[in-house]
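Here's the structure, in structure tokens; my notes come after.
The values are calculated or read from the model by the stated rules, or taken from the named source; none is laboratory data. Quick caveat, the model's predicted, so the values are computed rather than measured. Note: ideal-geometry Cβ built from the backbone for every residue, glycine included; neighbour counts use all protein chains shown. Side chains are part of the model used for accessible areas, which takes the heavy atoms of the whole protein and leaves out ligands, DNA and RNA. Shrake-Rupley method; radii C 1.70, N 1.55, O 1.52, S 1.80 Å.
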Amino acid sequence: AQTVTQSQPEMSVQEAETVTLSCTYDTSENNYYLFWYKQPPSRQMILVIRQEAYKQQNATENRFSVNFQKAAKSFSLKISDSQLGDTAMYFCAFMKFENDMRFGAGTRLTVKP
Amino acid sequence: EAGVAQSPRYKIIEKRQSVAFWCNPISGHATLYWYQQILGQGPKLLIQFQNNGVVDDSQLPKDRFSAERLKGVDSTLKIQPAKLEDSAVYLCASSLSGTRGGQETQYFGPGTRLLVL
């Protein structure tokens, strides 16, 4: 079974600074997808970024980028120029090619003014 | 474009009572998911529908949980009878086809927060 581990229950960062959230996963699959989802206090989950395992290039979306290390089964999220609106729970998730998304326990990020 | 709608937003019941949650996915989305999110944990998939058929219900506690999507649009998740450990947020999500795996984005609703006393 696939498992997703987020070892940082809580993190904080000053506004405008950079923060990195960690995620590791365990799988025997070769083809899969990895995601970071953001869940603000309103609780509506929003996709932040997606990485396809067969792509070596790290995905980026504006201020959000990932460091995907397939051999190490590591998938960290870097948020640059942190903004107050980035305050949220962040979930790392794994999906086999077909379906069945598995989430980590989440990291609560607080951006301080 | 309207997002995924869920109701009610909050529900408090006593153990052994029944409860039902409703979800209306984004218009045109064929695939609908129900997740359970227990406090301090990530969401866990309970059931996935493709139109009105069940694709995956391997993690649905079928002795007390049931779900249906009769016309392939909106869906209802029921718990009967509820236990204390069912206290959680129940999230509904939808995606366009559900046949493209991780290439397709799942869009989540605001969730229903259930408290079982």
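Data table
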quantity	calculated
Test: residue in the range B:52-63 that is surrounded by fewer than 22 Cβ atoms within 10 Å (Cβ to Cβ), within 11 Å of chain A (Cβ to nearest Cβ) and in a loop (DSSP other than H, G, I, E, B)	yes
Residue in the range B:75-109 that is nearest to B:I26 (Cα to Cα), counting only those that are at pLDDT 95 or above and open to solvent by 20 Å² or more (accessible area, probe 1.4 Å)	B:T76
Verdict on A:Q83 being over 30 Å from B:D57 (Cα atoms) and more than 9 Å from chain B (Cβ to nearest Cβ)	yes
Matching option when the condition is within 11 Å of chain A (Cβ to nearest Cβ), part of a strand (DSSP E or B) and without any contact (Cβ under 8 Å) to a residue 60 or more places away in the chain, among B:L39, B:L45, B:L77	B:L45
Of all residues making up the range B:38-50, the number that are open to solvent by 10 Å² or more (accessible area, probe 1.4 Å) and not small (G, A, S)	5
Hey, B:L96 closer than 30 Å to A:A53 by Cβ, among the hydrophobic types (A, V, I, L, M, F, W, C), in contact with a Gly (Cβ under 8 Å, 6 or more places away or on another chain) and in contact (Cβ under 8 Å) with a residue 24 or more places away in the chain or not	yes
Residue within the range A:90-99 that is more than 12 Å from every other protein chain (Cβ to nearest Cβ), surrounded by 15 or more Cβ atoms within 10 Å (Cβ to Cβ) and either more than 28 Å from B:D56 (Cβ to Cβ) or not β-branched (V, I, T) (or both) present	no
